[in-house]
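A short reminder: the numbers here are calculations on the coordinates, not readings from a lab. Computed from a predicted model, the values in this text were never measured in an experiment. Don't worry about glycine lacking a Cβ; one is built from the backbone with ideal geometry, like all the others, and counts go over all protein chains shown.
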Protein chains: 2
Amino acid sequence: MLAGQSRAKAVVLLSGGMDSAVCLHSAQAQGFAVYALSFRYGQRHGLELRSAEAMARALAVEGHLFFDLSVEAFGGSALTDAIPVPKGGTGDGIPVTYVPARNTVFLSLALAWAETLGAHDLFIGVNAVDFSGYPDCRPAFIAAFERLANVATREGVEQRPYRIHAPLLHLSKAEIIRQGVALGVDFSHTLSCYDPDGQGRACGACDACRLRLAGFAAEGLADPAVYR
Amino acid sequence: MLAGQSRAKAVVLLSGGMDSAVCLHSAQAQGFAVYALSFRYGQRHGLELRSAEAMARALAVEGHLFFDLSVEAFGGSALTDAIPVPKGGTGDGIPVTYVPARNTVFLSLALAWAETLGAHDLFIGVNAVDFSGYPDCRPAFIAAFERLANVATREGVEQRPYRIHAPLLHLSKAEIIRQGVALGVDFSHTLSCYDPDGQGRACGACDACRLRLAGFAAEGLADPAVYR
């Protein structure tokens, strides 16, 4: 507890998926006092959030906040609407599983919490290599958000800049898995699937499952997630 | 209704205060089909939201969404916490009524709704003249958010840029009132006070009341708001 008071604080976005788990471990390995932030945003299943909770507890983070965000009021995404999840593999376009302005909204709320906590470091597990076509997973987005944070806030104005850390930004899925293994991530605590069944078993066919399985295969490792 | 379908859509942040009311009228006067967005964010009083509702109804906007946002989970502001509202006049620093990252969060959610609606224009009633020291009421903030929006979203990436309109940005309070009168704003429908009583009567002493009263006085007009 006393150690936590002297360390710099960081807010880490934690979805319960594999990438944010590696990101969380990375923040903690860098010595930050970690405050994990998860969103309840009308997901079709709550299994991802249970994974997030298990992960945060296993790492004994300083704080873990579940923030209710009724983005379903806006509509527009297969992850929250009744549109079937596509299973044809990743294409060139932006997939219909896109949640409107998702990472912008998530980072904005992370910034609000960071400002209140006195944290100056935000972590987000986006990556631009296997990015499935989401515009808010690109380096240009991270850079633009960091610039925004430093004009939007009291702390930014008063010369204590915010930093947006995206440690997975330039890693392939296989490299993310390799880094996670090195950091001791328990991948059985992570859920990537867009469409798990009632027991939390992954479908193995959606874009997220395909990328994950290919990543483990490239590393010559077995994915500890349960597939149906 | 048919006319509404052919007009460009705009999302307008509507707090129920004077500035956002003028902003709403401005968007409608420019011919946009207006979608008003108000937030329930743990305000100590709901009177401002009732003002917003009355204003949106009087203007027959295309849509009005009240979005629940539990920012009180973060703490850190006199508008949502139990800290007394300061009444000593505006000073040089940033006031304690500051809500963390407020306009960043509000614009992010406006962007999410805009993306879903197919709107490309967002209106926010900030102004940098009588800005009370809020960093997210400055031109640099508006410009940074517009840049962010155009890298964060499918539409931005696909070359249909978003525009963040802040029509009051460079106006004094007196000029805002003058523009509002020209646009037909019913200022009795607006509430600026940080600390109204149970009947919605303004205190006349908080920063927001002082700025408002000085603005009406400068225009030689009586403020139709009820003061206690």
Quiz item: Any idea how far the Cα center of the stretch B:151-228 sits from the one of the stretch A:15-72, in Å?
Solution: 38
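For the stretch A:101-228, which semi-axes, largest first and in whole Å, follow from the square roots of 5 times the eigenvalues of its Cα gyration tensor?
Here the semi-axes work out to 32, 15, 14 Å.
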Quiz item: Taking H as built 1.01 Å from N, whose amide H comes closer than 5 Å to the amide H of B:Val12, not counting residues under 5 places away?
Solution: B:Tyr35, B:Ala36, B:Leu37, B:Phe123
Quiz prompt | Residues B:Arg228 and A:Ala217, FRET efficiency given R0 of 56 Å [Cβ-Cβ distance, rounded to 0.05] | solution = 0.20
